[in-house]
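Take a look at the structure set out below.
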Amino acid sequence: ISQGQLDALEDEGLRDMLTSLGLRSLLAVPLAVGGRVLGALTLVTSESGRLFDQADLQLAEELARRAALAVDNAQLYHDVNEQREHLHVTLSSISDAVIATDAAGTVTFMNDIARSLTAWHGEEAIGQPVDDVLPLLDEETGEPLASPVSRVLSGGQVVEIPEHALLVTRDGRRIPIDDSGAPIRDALGQIIGAVLVFRDITSRRE
């Protein structure tokens with residue numbers, strides 16, 4: 001840092017502070033990721049009298065790149081957690097039974113109505129295959145019905161279960177239900193899971 005550069009600073013307080021520190025060399029590179037500048041990485045020397053060179057610049061740029069990625073990933077993690085919490089609150093407030101799965105068909109969420117209908121209580125169903133939590137039978141034939149989650153995950157479309165579907169609860173009851181499933185996609189449009197919405201239609205049948 002030359003005396004001329006210090007003298008050119010308009011902020012007198014900053015100029016005096018830098019002068020008192022006896023700075024010898026300063027290096028500043030942007031923290032940038034995806035075309036966005038998140039901040040800057042600044043390195044200085046004083047007592048050592050060392051001057052930064054081209055190798056230092058390359059090292060600083062690499063450090064800044066990694067730091068920017070870390071900051072960006074932290075922000076993405078925070079955003080994803082906020083979205084997950086918002087989704088959790090939304091699904092919990094729906095008046096129908098709701099089950100969400102990951103891309104492998106493993107249960108990741110159930111609201112209270114789904115727990116009540118399936119007789120899976122607390123967090124028992126989380127991490128279980130959805131076919132074990134929501135087994136379905138054809139009321140007329142007694143044969144198992146194809147999993148709506150498998151159809152959603154393989155086809156990527158909204159599906160509805162056939163009429164006369166019975167949910168076999170964990171405690172052995174058989175409940176007629178109306179059910180539909182839809183894919184859950186990420187920001188890139190990739191299927192990362194499925195959500196099932198269903199209801200007990202016993203009173204409607206009656």
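For the chain, the mean residue ellipticity at 222 nm estimated from helices alone is -11500 deg cm²/dmol, where every DSSP H run of n ≥ 4 contributes -39500 (n - 2.57) and the total is divided by all residues, rounded to the nearest 500.
Each residue, residue 74 and residue 23, gets one label point 7 Å from its Cα in the Cβ direction; the gap between the two is 2.3 nm. Any idea how far the Cα center of the stretch 149-202 sits from the one of the stretch 2-57, in Å? Each part reduced to its Cα centre gives a spacing of 59 Å.
Compared with the dominant principal axis of the Cα atoms in the chain, helix 12-21 is inclined by about 80°.
Computed over protein heavy atoms with a 1.4 Å probe, the accessible surface of the chain works out to 62 Å² per residue.
The values are calculated or read from the model by the stated rules, or taken from the named source; none is laboratory data. None of the values given here were measured: they were computed from a predicted structure. Please note: Cβ atoms are built from the backbone with ideal geometry, for glycine as well, and neighbour counts cover all protein chains shown. Just the protein is used for accessible areas: all its heavy atoms, side chains included, with ligands, DNA and RNA removed. Shrake-Rupley method; radii C 1.70, N 1.55, O 1.52, S 1.80 Å.
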